[in-house]
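Bear in mind these aren't lab numbers, they're just calculated from the coordinates by the rules spelled out. These numbers were taken from a predicted model, which means no experiment stands behind them. All Cβ positions, glycine included, derive from the backbone under ideal geometry; neighbour counts span all protein chains shown.
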Amino acid sequence: MEDCIFCKIIKGEIPSNKVYEDEEILAFKDINPAAPIHILVIPKRHITSLIEIKEEDEKLIAKIYSVINKIAKDMQIDQKGFRVIVNCGEDGGQEVGHLHFHLLAGKKLGEKIV
Ligand code: 5GP
Ligand code: ZN
């Protein structure tokens, strides 16, 4: 989608620090990390937010979790643990309108969710 920052990253129009890529999914380092490890995992097809996920996207969303699992093992955070966050909409604090999964790790994360 035009004017979508993450679509531009997918197309290579904006540089990113990629950690995983296949035909459907891209993962790259967050530009403003909230933890020592902060990776964004996104579908390459533009889906605006979690609320826009359709039944036909179920396989893709499941695959995103498999990719997160793989990245966690590759980055050796599988033993100590990590957190996955999806912000949705204004109250959820979503700033970029392209579905993304935050993968956070590398320190003991705060106990509070909000
Ligand atoms: P949200 O608040 O929408 O859940 O998260 C958006 C995330 O995207 C933020 O953590 C922000 O730092 C990250 N971000 C925004 N623009 C860019 C960019 O151009 N490159 C990268 N790598 N991350 C970005
Ligand atoms: Zn997009």
Practice item. For every helix of n ≥ 4 consecutive DSSP H residues, a contribution of -39,500 (n - 2.57) applies; sum these over the chain, divide by its total residues, and give [θ] at 222 nm rounded to the nearest 500 deg cm²/dmol. Key: -6500 deg cm²/dmol
Practice item. Determine, from the Cβ-Cβ distance of Glu111 and Val86 and an R0 of 22 Å, the FRET efficiency 1/(1 + (r/R0)^6), rounded to the nearest 0.05. Key: 0.70
Revision key, fill the gap. The chain -> Rg/Rh from Cα coords, Kirkwood Rh, value 0.94
**Study point:** GNM result for the chain, Cα springs below 10 Å: residue of Asp78, Asp91, Asp30 fluctuating most strongly
**Key:** Asp91
Review point. Listed here are the pairs Lys11/Lys54; Lys18/Lys107; Lys11/Lys70; Lys44/Lys70; Lys8/Lys112; Lys70/Lys107; which of them are more than 26 Å apart at the Cα?
Key: Lys8/Lys112
Study note, to complete from the structure: A correct Karplus calculation of ³J(HN,Hα) over segment 41-47, with 6.51 cos²θ - 1.76 cosθ + 1.60, θ = phi - 60°, whole Hz and x for Gly and Pro, returns 10, 9, x, 6, 6, 5, 10
Check your understanding: Cα axis of helix 58-74 to longest principal axis of the chain: angle in degrees, 0 to 90, nearest 10?
Key -> 40 degrees
